[in-house]
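The values are calculated or read from the model by the stated rules, or taken from the named source; none is laboratory data. What you see is a predicted model, and the numbers here were worked out from it, not measured in a lab. Backbone-built Cβ (ideal geometry, glycine too); neighbour counts: all protein chains shown. Calculation scope for accessible area: heavy atoms of the full protein, side chains included, ligands and nucleic acids excluded. Shrake-Rupley method; radii C 1.70, N 1.55, O 1.52, S 1.80 Å.
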Amino acid sequence: MLEVVDLHGGYGRIEVLKGINLKVSAGEVVALIGSNGAGKTTLLRALSGVQPISAGQMQFMGERIDRLPSHQRVARGMTQSPEGRQIFGPLSVDDNLRLGAYLRRDDGIEADRERIYAMFPVLKDKRHQPAGGLSGGQQQMLAIGRALMGKPKLLLLDEPSLGLSPILVDQILAAVTALRQAGITILLVEQNAAAALEIADRGYVIETGRIVHAGPASDLLSDPKVKSAYLGFD
Amino acid sequence: MSELLQFFVSGLTVGAVYALVALGFTLVYHASEVVNFAQGEFVMLGGMVTVFAYAAGVPLPLAALLAVLVAIVVGLLLYWLAIAPARGATAVSLIIITIGASILLRGAAQIVFDKQFHKLPAFSGDTPVDLFGAAIQPQSFWVLGGAALLVLLLYYVMERTLLGKAVMATAANRLAARLVGVNVATIMALAFGGSAAIGAVAGILITPITLTSYDVGTLLALKGFAAAMLGGMGSPLGAVVGGLLLGLLEAFGAGYISSTYKDAIAFIVILAVLFVAPQGLFGRRAVERV
């Protein structure tokens with residue numbers, strides 16, 4: 001579904017991505033783990049087209065997308081729940097979700113919004129309130145919900161558990177598992193590596209802009225090097 | 001009493017024009033974070049193009065429509081030729097670009113048109129209407145009605161349509177707006193075109209009362225900006241209230257104190273307000289959780 005070949009990019013003269021190769025097949029949940037500053041968020045932003053790249057290729061559903069502007073990538077079925085939630089603070093929860101379906105012209109938008117509310121009932125109670133007043137966990141749910149409103153074939157999730165209490169982390173990860181059962185392909189970026197590999201099929205480990213390990217999630221979980229570096233035990 | 005009413009209506013009339021200029025500032029600022037100091041030139045274009053088209057024999061309504069279209073084209077060109085290529089530049093650079101554009105437009109107007117003052121006939125005659133003893137120019141009703149209509153239209157678009165929500169989303173979080181598929185460049189072009197149209201309408205409506213010339217834009221931009229600051233930059237309601245207040249301050253200042261100092265009086269009040277409330281009357285402090 002998604003194939004990235006030798007991707008380079010960064011900010012000005014600082015190269016953050018130094019040749020990334022990565023593949024996501026339809027129906028998979030793929031975890032991308034790595035420490036702060038390894039380039040995870042930069043990679044996801046490059047995939048969505050909101051971060052310029054300097055070299056490399058990206059293919060989505062068999063089509064080159066690296067020269068497409070961001071809105072055309074959304075239209076092709078790739079949406080993102082960005083790091084730090086990035087919700088539209090002054091707009092209502094309802095409007096945030098509606099904007100997630102900005103490019104859709106079908107009649108299913110209202111039903112999909114209700115589906116998001118069924119998934120995260122706490123959002124429904126606050127649907128008319130400004131999203132900026134939600135708690136961190138609720139904002140995270142809203143960011144995921146907004147990305148789902150775009151009816152993605154591939155959902156990019158950037159740090160959905162960042163800054164959340166353990167109970168909320170479980171809730172968010174349970175939601176991710178449910179999405180996968182609904183047939184959505186997911187590329188999940190996490191610092192919480194153990195939790196991410198727990199629910200993923202495969203994983204990539206990124207270090208200073210390069211993929212250093214790749215394999216089935218269970219292999220990475222038991223890999224001594226990955227364990228010591230990212231799972232916090234050896 | 002009739003004197004007070006007289007000042008009040010003339011203040012509201014001028015204030016409505018400031019309010020429209022301030023709304024133009026607000027719209028562009030919302031979508032692009034640019035403070036567009038060429039906003040006053042749209043008002044000038046509205047008046048001048050109408051005057052010259054009308055003098056060339058075009059019926060007034062058509063001349064006005066033509067003027068609005070010319071302003072929209074100039075607004076879009078300003079965005080595509082000057083603002084879009086400078087994407088990523090600092091706010092100060094962008095402001096300087098718009099000041100440059102404003103000087104360029106003024107110079108071009110001086111060549112294309114001329115340096116004289118021009119007048120349009122009032123839309124429905126010059127016979128003053130007697131309102132509780134005050135003599136009101138019929139054109140004042142055109143200005144106030146036109147401004148009210150534009151404000152309502154803009155309110156409807158911003159609050160009730162998906163496009164308006166996309167503009168607000170772009171203002172709130174540009175990155176997120178792009179991630180949900182909003183074409184931010186289109187939104188910004190629309191904002192420049194829309195603010196140009198609003199400015200042009202203001203220029204057309206006010207020309208029968210205040211006359212126009214190639215350089216009326218400078219002071220209008222200044223006043224409109226002051227009105228936007230007074231109301232709270234980025235707040236549409238603030239722009240309207242700020243504009244009307246500024247107009248009233250000027251009219252009462254000129255009427256009861258001295259017409260020589262009417263600008264000074266207005267600006268002193270604005271300074272005083274901003275000392276007490278730096279975010280303006282309706283400026284929102286950002287509510288965001290991290």
Given (1) closer than 30 Å to B:Ser140 by Cβ; (2) open to solvent by less than 30 Å² (accessible area, probe 1.4 Å), identify the lone condition not met by B:Leu105. (2)
Name the pairs whose Cβ atoms lie under 6 Å apart, with the first residue in segment B:85-98 and farther than 18 Å from B:Leu175 by Cβ, the second open to solvent by less than 80 Å² (accessible area, probe 1.4 Å) and polar (S, T, N, Q), and 6 or more positions between them or separate chains? B:Thr98/B:Asn36
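Go through segment A:1-45 and report how many residues are small (Gly, Ala, Ser) and under 22 Å from A:Ser161 (Cβ atoms). Working first, answer last.
Filtering segment A:1-45 for residues small (Gly, Ala, Ser) gives A:9-10, A:12, A:19, A:25-27, A:31, A:34-35, A:37-39.
Those left that are additionally under 22 Å from A:Ser161 (Cβ atoms): A:31, A:34-35, A:37-39.
The qualifying residues number 6.
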Please go through segment B:1-17 and give me each residue that is open to solvent by 10 Å² or more (accessible area, probe 1.4 Å) and within 16 Å of the chain's Cα centre (by Cα), ordered by number. B:Leu12, B:Val14
Applying the selection to segment A:91-101, what residues are over 15 Å from B:Arg160 (Cα atoms) and either within 7 Å of chain B (Cβ to nearest Cβ) or under 13 Å from the mean Cα position of the chain (by Cα) (or both)? A:Gly100
When you check A:Gly89 against the structure, is it touching a strand residue (DSSP E or B) at 6+ places or on another chain (Cβ under 9 Å), open to solvent by less than 10 Å² (accessible area, probe 1.4 Å) and at pLDDT below 90, yes or no? no
Could you check A:Val205 against (1) under 24 Å from A:Pro216 (Cα atoms); (2) out of contact with any helix residue (DSSP H, G or I) (no Cβ under 7 Å at 6 or more places or on another chain) and say which number it fails? (2)
Based on what the data block shows, is B:Phe252 open to solvent by less than 40 Å² (accessible area, probe 1.4 Å) and of a type in the set (Phe, Trp, Tyr)? no
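Give, as residue ranges, the helices (runs of 4 or more DSSP H) completely inside segment A:122-234 that count at least 3 residues that are closer than 20 Å to A:Leu97 by Cβ. Spell out how you get there, then give the answer.
Numbers: elements: A:136-149, A:166-181, A:193-199, A:217-222.
Answer list for segment A:122-234: A:136-149, A:166-181.
Could you say whether any residue in segment B:130-139 is open to solvent by less than 10 Å² (accessible area, probe 1.4 Å), within 25 Å of B:Pro59 (Cβ to Cβ) and either modelled with pLDDT of 90 or more or within 14 Å of chain A (Cβ to nearest Cβ) (or both)? Don't jump to the end; show me each part of the working.
First, the residues of segment B:130-139 that are open to solvent by less than 10 Å² (accessible area, probe 1.4 Å): B:134, B:136, B:139.
Those left that are additionally within 25 Å of B:Pro59 (Cβ to Cβ): B:139.
Those still in the list that are either modelled with pLDDT of 90 or more or within 14 Å of chain A (Cβ to nearest Cβ) (or both) too: B:139.
Yes, some residue in segment B:130-139 is open to solvent by less than 10 Å² (accessible area, probe 1.4 Å), within 25 Å of B:Pro59 (Cβ to Cβ) and either modelled with pLDDT of 90 or more or within 14 Å of chain A (Cβ to nearest Cβ) (or both).
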If we scan segment A:58-77, do we find a residue that is in contact (Cβ under 8 Å) with a residue 40 or more places away in the chain, facing chain B (nearest Cβ under 7 Å) and either under 19 Å from the mean Cα position of the chain (by Cα) or open to solvent by 10 Å² or more (accessible area, probe 1.4 Å) (or both)? yes
What number of residues within segment B:110-131 satisfy the criterion of being in contact with a helix residue (DSSP H, G or I) (Cβ under 6 Å, 6 or more places away or on another chain) and touching a residue at least 60 places away in the same chain (Cβ under 8 Å)? 5
Look through B:Val58, B:Val70, B:Val92 and report the one residue that is modelled with pLDDT of 90 or more and either surrounded by 19 or more Cβ atoms within 10 Å (Cβ to Cβ) or in a helix (DSSP H, G or I) (or both). B:Val70
Only listed residue being in contact (Cβ under 8 Å) with a residue 12 or more places away in the chain, under 24 Å from A:Arg85 (Cβ atoms), among the small types (Gly, Ala, Ser) and open to solvent by 10 Å² or more (accessible area, probe 1.4 Å), chosen from A:Gly49, A:Gly27, A:Gly39: A:Gly49
Identify all residues within segment A:113-129 that are within 14 Å of chain B (Cβ to nearest Cβ) and either closer than 17 Å to A:Met78 by Cα or surrounded by fewer than 19 Cβ atoms within 10 Å (Cβ to Cβ) (or both); write none if there are none. A:Lys126, A:His128, A:Gln129
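Could you pull out the residue among B:Gly283, B:Gly234 that is in contact with a His (Cβ under 7 Å, 6 or more places away or on another chain), of a type outside the set (Phe, Trp, Tyr) and within 14 Å of chain A (Cβ to nearest Cβ)?
After ruling out the rest, the residue left standing is B:Gly234.
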What pairs come up if the first residue lies in segment B:134-149 and is without any contact (Cβ under 8 Å) to a residue 60 or more places away in the chain, the second is open to solvent by 50 Å² or more (accessible area, probe 1.4 Å), and their beta carbons are under 9 Å apart, counting only those six or more places apart or on different chains? B:Pro138/B:Phe123; B:Pro138/B:Ser124; B:Pro138/B:Asp126; B:Pro138/B:Thr127; B:Pro138/B:Pro128; B:Pro138/B:Val129; B:Phe141/B:Ser124; B:Phe141/B:Val129
In segment B:208-238, the residues that are within 14 Å of the chain's Cα centre (by Cα) and of a type in the set (Val, Ile, Thr): B:Val216, B:Thr218
